[in-house]
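One structure is given here, and the rest of the page talks about it.
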Amino acid sequence: MLNPYIKNVNAYKNNEILTAPPERLMIMMFDGAIQFLFKARKGIKDNIPADICNNIIGCQKILREFMKTIDLENGNDVGKQLFVFYDGLVRALYKVNRKKDEELLEKVIDDLKNLRSAFLGAIDIVAKEKAETQQQFDAD
């Protein structure tokens, strides 16, 4: 029997995604990518190839979405370096999938966690600057 609350939970999650600001969506995507890799790690430990493959592919799809958002023609060097970084993670995940390389998987997880943390830090800085600007504007 299906849980009657699932429909409400799914509606809540959909609403959260539809109303989230872009920076929150980005963090949610990082969280999703990391969760996929946790599930792939469990698949490696439990020797379930389908779980490994499906979850690595899920993470790769998120990384490719990140790559699509980078303007390589008009962007700066940071964007280009970020693109190369994401591409490196996608390639590393191919190797993880082929060789069931737990050590490389842990490195990719750590890299994503660090990048997520860096984006959170940048979001906080922008929010503080925005608040300070608003306070100055309100004072005038």
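The values are calculated or read from the model by the stated rules, or taken from the named source; none is laboratory data. On a predicted model such as this, the values are computed, not experimentally measured, just so you know. A quick note on method: Cβ atoms are made from the backbone with ideal geometry, for glycine too, and the neighbour counts reach across all protein chains shown. For accessibility, only protein heavy atoms count, side chains too; no ligands or nucleic acids. Shrake-Rupley method; radii C 1.70, N 1.55, O 1.52, S 1.80 Å.
Can you work out which of the residues in segment 117-140 that are acidic (D, E) and open to solvent by 90 Å² or more (accessible area, probe 1.4 Å) is farthest from the chain's Cα centre (by Cα)?
This residue is D140.
If we only count helices (runs of 4 or more DSSP H) wholly inside segment 2-78, which ones have 1 or more residues that are at pLDDT 85 or above and closer than 17 Å to G88 by Cβ?
22-46, 49-68
Okay, residues lined up against (1) open to solvent by 60 Å² or more (accessible area, probe 1.4 Å); (2) among the β-branched types (V, I, T):
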{"site": "I48", "(1), (2)": "yes, yes"}
{"site": "C53", "(1), (2)": "no, no"}
{"site": "I56", "(1), (2)": "no, yes"}
{"site": "R64", "(1), (2)": "yes, no"}
{"site": "G79", "(1), (2)": "no, no"}
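Determine if segment 118-126 includes at least one residue that is farther than 30 Å from K39 by Cα and either part of a helix (DSSP H, G or I) or not β-branched (V, I, T) (or both).
Checked against the condition, which is being farther than 30 Å from K39 by Cα and either part of a helix (DSSP H, G or I) or not β-branched (V, I, T) (or both), segment 118-126 yields at least one hit.
Looking only at residues that are hydrophobic (A, V, I, L, M, F, W, C) and in contact with a Leu (Cβ under 8 Å, 6 or more places away or on another chain) in segment 94-130, which one is farthest from D46 (Cα to Cα)?
L112
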